[in-house]
Structures are given as structure tokens and as C-alpha cells.
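Undergrad: Sharing a structure here in C-alpha cells format.
The values are calculated or read from the model by the stated rules, or taken from the named source; none is laboratory data. All figures in this text were calculated on a predicted structure; none of them were measured in a lab. Cβ coordinates were reconstructed from backbone atoms using ideal geometry, including for glycine residues, and neighbour counts include every protein chain displayed. These accessible areas exclude ligands, DNA and RNA; they are computed on the full protein's heavy atoms, side chains included. Shrake-Rupley method; radii C 1.70, N 1.55, O 1.52, S 1.80 Å.
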Amino acid sequence: MIPAEIDMADLEGQLAADGIAFGTANPVNAPLEAAMRDALNVAPTDELGTTGLVVLEQTPAHVPDLRDVAQDLLIASGYDTVIVRTPHVALAVSDTLDRASIDAGQRAMIAQPDYPQGLVDFAEAAADFDVPWLLLALFGALIVGGVVAATWRRARQSV
């Protein structure tokens, strides 16, 4: 559910204009926007695709509502990834990143109090995250092998 204090039409308009949106008018928005744009230019954003960024000054009482905000903005804007940052929360939705990459990026971003550097950290963590398929396959093979061995052993004991 979208919190009543968030003006979605305003955020959509700002994202459409330049890809960065702020929840409130604030004197620090202009320099912060310039720094965020510089961060987007240096961050490895190939994995993210086109990226929209929303900065809110307050975290809503029900934090999962921010995912709804990001998802609605993703759909309305046509961006591949939308990131929402508040002082206490960083979250994203994406059509190009898998959930594990998004989670890795979110953890990296919120650990960084500097918003522009947090954006770079998000992009790097999301791009660098790889599911350890070999390790998972070996673990799965061990489990299957254990089940087969236990079944074979029980079958031999019952004969």
C-alpha cells in the first residue's frame, strides 16, 4: 500500500524528467542530485539497466510499503531498476536483477551513510553477486547420495 504522505504523481514526474526523484523539496536536493548522478555514472550499472532513484526524507511506519512505491514507479516509469533510499532503508525492485542480487545491493547500500557512495556500493554488490551454483550442486548431490545410500542400506537390512 502506498503511504498517504508519498506523492506518487510527483515522484513519477521527477523520474520521467531526469531519473532522480525526491519526496520533498529541500535545499540539499540539488547538490545531492548532482552527486547521485555522478555516482550513477561511475557505478557498474550494466546489470541494473536503466535506473531510477527515489530519495525520501522519512521512512514510513510500515517499511514494506516502500517496495510498493518502488514497484509502482518501476511499472509507471519504464526503468529496469528503481531504488528507494530513506535514512533507514534502502530497497529496490528490478526487471533485470534477481532477488539475491537486489538483496546484496540493498545490504551494501544501507551500510553506507553517504548516499552517492551507497548507490555505487549497491551497484557493485548487485553486479558482483553470483549464486554459487557449483557449491549448491555439490551439496544437492551429497544429499541425494545420502538418501540413496540410506535407502539401499535399509533395503538390504530388510531382506
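Undergrad: Quick test of your reading of the structure: residue 84 fulfils all but one of (1) among the aliphatic types (A, V, I, L, M); (2) within 16 Å of the chain's Cα centre (by Cα); (3) at pLDDT below 95. Name the failing condition by number.
TA: (3)
Undergrad: Look through 74, 48, 56 and report the one residue that is touching a strand residue (DSSP E or B) at 6+ places or on another chain (Cβ under 9 Å) and over 22 Å from residue 98 (Cα atoms).
TA: Just a single option satisfies the conditions, and that option is 56.
Undergrad: When you go through (1) over 13 Å from the mean Cα position of the chain (by Cα); (2) surrounded by fewer than 21 Cβ atoms within 10 Å (Cβ to Cβ) one by one for residue 99, which number turns out not to apply?
TA: Exception for residue 99: condition (1).
Undergrad: Only one residue in 120, 54, 84, 93 is farther than 18 Å from residue 23 by Cβ and among the β-branched types (Val, Ile, Thr). Which one?
TA: Just one listed residue meets the conditions, 120.
Undergrad: Taking the stretch 31-51 as the region of interest, how many residues are among the small types (Gly, Ala, Ser) and at pLDDT 95 or above?
TA: 2
Undergrad: What do you reckon, is residue 106 modelled with pLDDT of 95 or more, over 15 Å from residue 52 (Cα atoms) and surrounded by 15 or more Cβ atoms within 10 Å (Cβ to Cβ)?
TA: The answer is no for residue 106.
Undergrad: So is residue 117 at pLDDT 95 or above, under 18 Å from residue 35 (Cα atoms), open to solvent by 60 Å² or more (accessible area, probe 1.4 Å) and not in a loop (DSSP other than H, G, I, E, B) or not?
TA: Yes, satisfied.
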